[in-house]
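Only one structure is covered here, and it is reproduced in the block below.
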Amino acid sequence: MMDLAPLMAQAVERRDLPLDALAARVGDELDTLARLSAEVQRALSMCHFAEHTDIEAIRGLQGIDRITQALEDLGRLMAAVSTEMPQDVKLHAVPLLSRLRLHELANNLDPGHERHVVEEEDTGEIQWF
């Protein structure tokens, strides 16, 4: 019986990603991250801080708003870039996506996979890292 694993690995390595679709997926992911950042900002605003919270800590927390705004802008930019790209430009999938540590992110960026959108969970136990 012939081992098909090397042939399958070659097929995966040669799979191409359409650059315009990848850019659109990056834009979608940036939008999702902006939404999550805004949720973190809202959650922190509901926390009760010490009456004399250090000003540097407050400035650091205000950085979350800048992160949120930058992610929103980058998401809009990538969505616009994706519509301006030629549709016939392809990139090799494996060298690009294999650089990502988060499997879910790699799948979300791959136009060959269905996107998994993180929904806000309001039940369950919170676990801090």
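The values are calculated or read from the model by the stated rules, or taken from the named source; none is laboratory data. Because the structure is a prediction, the values reported are computed rather than measured. Cβ: placed from backbone, ideal geometry, glycine included. Neighbour counts: every protein chain shown.
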**OP:** Could you grab me the full set of residues in segment 1-55 that are at pLDDT 85 or above, more than 21 Å from His92 (Cα to Cα) and among the charged types (D, E, K, R)?
**Re:** Asp31, Arg35, Glu39, Arg42
**OP:** Kindly indicate whether any position in segment 101-121 is modelled with pLDDT under 90 and of a type in the set (Val, Ile, Thr).
**Re:** yes
Original post:
Can you name every residue in segment 77-109 that is loosely packed, with under 14 Cβ neighbours inside 10 Å, assigned to a helix (DSSP H, G or I) and not aliphatic (A, V, I, L, M)?
Top reply: Thr83, Glu84, Pro95, His103, Glu104
Original post:
Pairs, please: C-beta under 9 Å, at least 6 apart or cross-chain, first residue closer than 13 Å to Glu114 by Cα and in segment 20-33, second part of a helix (DSSP H, G or I) and among the hydroxyl-bearing types (Ser, Thr, Tyr)?
Top reply: Ala21/Ser82; Leu22/Ser82; Arg25/Ser82
**OP:** Return the total of residues in segment 18-28 being farther than 10 Å from Met78 by Cα and in a helix (DSSP H, G or I).
**Re:** 2
